[in-house]
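Read the structure below first, then the notes.
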Amino acid sequence: MSDKVIIFDTTLRDGEQSPGASMTKDEKVRIARQLERLKVDVIEAGFAASSEGDFQAISAVAAAIKDSIVCSLARANDKDITRAADALKQAKAKRIHAFLATSPLHMAVKLRMSPEEVLEQAKRSIRFARNLAEDIEFSAEDGYRSEMDFLCRVVEGVINEGATTINIPDTVGYATPELYGEFIKTLRTRVPNSDKAVWSVHCHNDLGMAVANSLAGVKIGGARQIECTINGLGERAGNTALEEIVMSLRTRKDYFNLVCDIDATQIVPASKLVSHITGFVVQPNKAVVGANAFAHASGIHQDGILKNRETYEIMRAEDVGWSANKIVLGKLSGRNAFKQRLHELGITVEAEADLNEAFASFKALADQKAEIFDEDIIAIMSSAGTAESNDYYHFVSLSQHSETGERPKSRVTFSMGDKEVSSESEGNGPVDASLNAIEAVAKSGAEQLLYSVNAITSGTQSQGEVTVRLTKGGRIVNGVGVDPDIIAASAKAYLAALNKLHDPSLVKMNAQMTP
């Protein structure tokens, strides 16, 4: 059995199922390129049959990615599988991932199929898929709550039909580590042809054990693929966190004796990009990628760290992409210095136009802030290329008045198409007044689901990153704005969300819930 663990990233599919995390085609491509830099083995780009938008996004990712396998999810039927194969046509390496529920509850209530019907459907779907691709994964949805004897029959059957990867999901996060590991081990022992496929684990975090369960599936069960997401993003309590899996395997190689090919220095840039695009802020005490993950406040801890880092640190911050170099550039820094710092941060810029835009944003920020931090540069690059020249709404300027005892007022100037408009409004605060002013003219009628502010660095000079989430007609969109002025950042975020609502090609329906 190989000592390599395949990292299967499903941020773009299962991660997107987190309410409000829907991504546009271009956003999926940007994240996919970062996952490729991270050296993820398999990128699950979406669920091709769920919508035309997802089909186009998978096709775009398939065309852009050269070094990772690109995968599409499909229900275990001919129509879905054909749709997945069509979306993956341009992929250099592709995988079709078919799923079918196997637990008694799911079969009876959701599928309304007998076990024998499920068995035949599973085998028939894999037989069909093998005509369209060589790399086929089968997932037994709610596998951990399935009956062992029946699940063995299903797995044996789909391997005989050509499935090359077998995934046993803990779809509802019910498992515990030892029991889940033994469950996978028992399956592999009892299925006669188990050695003909790679075994995979896919765990949800409802009880906070997704990472532990996945590692047990590998260590005890003998699985060699882990399905995970950046920041543990996903529906309900989320999925197995990629960054925690990778660093667990590396930090405790003495115990696991397993390897993966991930470039860990790309973990933090990937985390920040996903957070920026989805609007899901990473909690400060989140393992590996949280802002406090390598912070030490206790005097005893600080003393130990100064004497020897290993006293209180089992990983180095720089190994996962945090920079030990805090203040890097200023307003006198030139283009070459900026490009060099991007290189040091592991950020690759594909187009010269994007680099020009990013450098212009850097110089504008340097005029406002005395010190530019790595986090500022990462935020600039996360935003680079997101503003399209054909956007309907563009922020121009803002002025607001707020005084104790008086209702705040704001005046916002922005463009709508080829005309510039100004609008004034009041609100419960300057942010509310500014967004009211925009809505008074835009008249979108959208419902606001989320407003959040995240300070990119410490101190009152920090840039504010604002996320506004809107919904209308079953569509959910995120808009992100970054500016040292929180009010301006809020207006930019609202306009960014309105741009997505205005262009139907930039949004998709709420993601369909799948394993």
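The values are calculated or read from the model by the stated rules, or taken from the named source; none is laboratory data. Values in this document were obtained by computation on a predicted structure and should not be read as measured data. Cβ: placed from backbone, ideal geometry, glycine included. Neighbour counts: every protein chain shown.
So for region 439-450 (the condition being in a strand (DSSP E or B) and among the charged types (D, E, K, R)), does at least one residue qualify?
Yes, because at least one residue in region 439-450 is in a strand (DSSP E or B) and among the charged types (D, E, K, R).
Any idea which of (1) under 22 Å from Val42 (Cα atoms); (2) touching a helix residue (DSSP H, G or I) at 6+ places or on another chain (Cβ under 9 Å) is the one Ala93 doesn't satisfy?
(2)
Give Arg411, Arg469 a once-over and let me know the one that is at pLDDT below 95 and assigned to a strand (DSSP E or B).
Exactly one residue qualifies, and that residue is Arg469.
Among the residues of region 1-28 satisfying the criterion of being aliphatic (A, V, I, L, M) and out of contact with any helix residue (DSSP H, G or I) (no Cβ under 8 Å at 6 or more places or on another chain), which is farthest from Val40 (Cα to Cα)?
So the residue we want is Met1.
What number goes with the only condition from (1) surrounded by 13 or more Cβ atoms within 10 Å (Cβ to Cβ); (2) within 20 Å of Tyr392 (Cα to Cα) that Gly445 does not pass?
(1)
Table: residues versus (1) within 25 Å of the chain's Cα centre (by Cα); (2) surrounded by fewer than 21 Cβ atoms within 10 Å (Cβ to Cβ); (3) modelled with pLDDT of 95 or more.
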site	(1), (2), (3)
Phe138	yes, no, yes
Glu141	yes, no, yes
Glu147	no, yes, yes
Ala163	no, no, yes
Val172	yes, yes, yes
Lys185	no, yes, yes
Thr189	no, yes, yes
Gln225	yes, no, yes
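As an exercise: evaluate Asp432 against (1) in contact with a Leu (Cβ under 6 Å, 6 or more places away or on another chain); (2) among the charged types (D, E, K, R); (3) not in a strand (DSSP E or B) and give the number of the one condition it does not meet.
It is condition (1) that Asp432 fails.
Please state which of the following conditions Ser125 fails to meet, knowing it meets all the rest: (1) surrounded by fewer than 24 Cβ atoms within 10 Å (Cβ to Cβ); (2) within 29 Å of the chain's Cα centre (by Cα); (3) assigned to a helix (DSSP H, G or I).
With respect to (1) surrounded by fewer than 24 Cβ atoms within 10 Å (Cβ to Cβ); (2) within 29 Å of the chain's Cα centre (by Cα); (3) assigned to a helix (DSSP H, G or I), Ser125 is out only on (1).
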